[in-house]
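Here is the structure we will look at.
The values are calculated or read from the model by the stated rules, or taken from the named source; none is laboratory data. No experiment lies behind these values; they were computed from the predicted model shown. Reconstructed Cβ throughout: ideal geometry from the backbone, glycine too, with neighbour counts over all protein chains shown. Calculation scope for accessible area: heavy atoms of the full protein, side chains included, ligands and nucleic acids excluded. Shrake-Rupley method; radii C 1.70, N 1.55, O 1.52, S 1.80 Å.
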Amino acid sequence: MGTPQFPDLGKHCSLPDCKQIDFLPFTCDCCNKVFCLEHRSYNQHQCPKAENRDVTVVICPLCAKGVRLKSDQDPHITWEYHVNTDCDPSNYDKVTKKKKCPVRGCREVLVFSNTIKCRDCTLDHCLKHRFGPDHNCPGPKKPDTSFGFMTMLSRNRKEEAKTNQSTASASPKWSNFLTAASSFRASAEASVAKLGSEISQKFQMANRTGQSSSSSSSSGTGGMEGCPQCGARFSSVTTLIEHVEKVHEKCGNQARPKVTIDVCPKCSKGFRDPVALVEHVERDHGGTSKA
């Protein structure tokens with residue numbers, strides 16, 4: 001067997017009817033015997049220990065998990081052990097029921113690669129119906145901004161009434177204490193309401209005072225401006241400038257010099273003479289022209 005250079009090369013098949021020499025023999029992992037290429041499988045050489053390598057898996061109808069049956073164990077015992085330890089019926093829907101696109105008429109199965117979650121309705125859709133108009137998206141849910149204050153108040157009153165009834169029947173001293181506490185609470189609520197009404201009245205009076213002072217300041221002498229040529233009165237400097245440009249500069253009398261009016265940055269009062277403006281600022285505004 002073999003060659004002079006490789007005397008151990010190749011082995012004979014262990015099957016009695018074969019005994020063929022094979023230079024690439026196969027060793028059975030069950031009976032540990034050597035076989036040729038033709039008789040290497042369990043069935044071809046009728047391996048007596050092949051049952052130890054036999055793998056039989058049964059799908060559980062409750063949880064859809066695979067249960068492996070052991071060759072040296074009763075299948076009923078294996079099944080009972082699985083039901084008592086590893087069986088989870090909630091896993092059946094995850095395995096058998098595949099998630100589909102919720103759009104009516106769409107049969108697309110949702111997997112990792114074709115699933116898009118809508119950011120408005122927070123539902124998973126396929127790529128074809130990923131946009132809002134395609135799956136009739138109702139839009140984002142509006143947050144409930146209403147606060148059930150009256151519901152909470154009525155609930156607290158009902159609880160207080162039940163507590164008062166139970167304690168009144170139990171102890172007269174406790175009922176007297178609850179009466180005093182309720183009267184104190186009523187007086188406190190009345191004082192708080194009175195304080196709130198006084199604050200609102202003061203706030204309204206302050207607003208009225210501010211409005212009257214602003215109206216009086218706008219109706220004073222600083223609010224009316226007079227034209228230095230014709231003596232006409234105007235409510236604002238802008239109107240006075242427009243009057244001077246239209247009437248006294250563009251009336252056709254070209255001999256009259258152009259009128260220049262300087263405006264006070266503090267009270268918006270106009271002056272023809274810059275010296276008069278400086279005197280006005282020093283006299284009425286404390287010598288500063290910053291607004």
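What to note about this one:
- Within the range 115-130, residues that are touching a residue at least 12 places away in the same chain (Cβ under 8 Å) and within 15 Å of residue 100 (Cβ to Cβ) sit with their Cβ atoms under 8 Å from residues that are surrounded by 14 or more Cβ atoms within 10 Å (Cβ to Cβ) and hydroxyl-bearing (Ser, Thr, Tyr), at 6+ positions apart or across chains, in these pairs: 124/115; 125/115; 126/115.
- Flag not set for residue 179, criterion: modelled with pLDDT under 70, open to solvent by 60 Å² or more (accessible area, probe 1.4 Å) and more than 30 Å from residue 118 (Cβ to Cβ).
- Restricting the range 94-140 to residues that are assigned to a helix (DSSP H, G or I) and among the β-branched types (Val, Ile, Thr), the residue that is surrounded by the fewest Cβ atoms within 10 Å (Cβ to Cβ) is 96.
- Cross-chain or 6+ apart pairs with Cβ under 6 Å, the range 42-66 first and within 10 Å of residue 31 (Cβ to Cβ) and of a type in the set (Gly, Ala, Ser), then at pLDDT 80 or above and open to solvent by 60 Å² or more (accessible area, probe 1.4 Å): 50/42
- Scan of the range 152-162 for residues that are open to solvent by 70 Å² or more (accessible area, probe 1.4 Å) and modelled with pLDDT under 70, ordered by number: 152
- Within the range 77-89, tally of residues that are farther than 26 Å from residue 48 by Cβ and either open to solvent by 70 Å² or more (accessible area, probe 1.4 Å) or acidic (Asp, Glu) (or both): 8
- Residue 63 vs. criteria open to solvent by less than 60 Å² (accessible area, probe 1.4 Å), in contact with a helix residue (DSSP H, G or I) (Cβ under 9 Å, 6 or more places away or on another chain) and either closer than 30 Å to residue 19 by Cα or hydrophobic (A, V, I, L, M, F, W, C) (or both): yes
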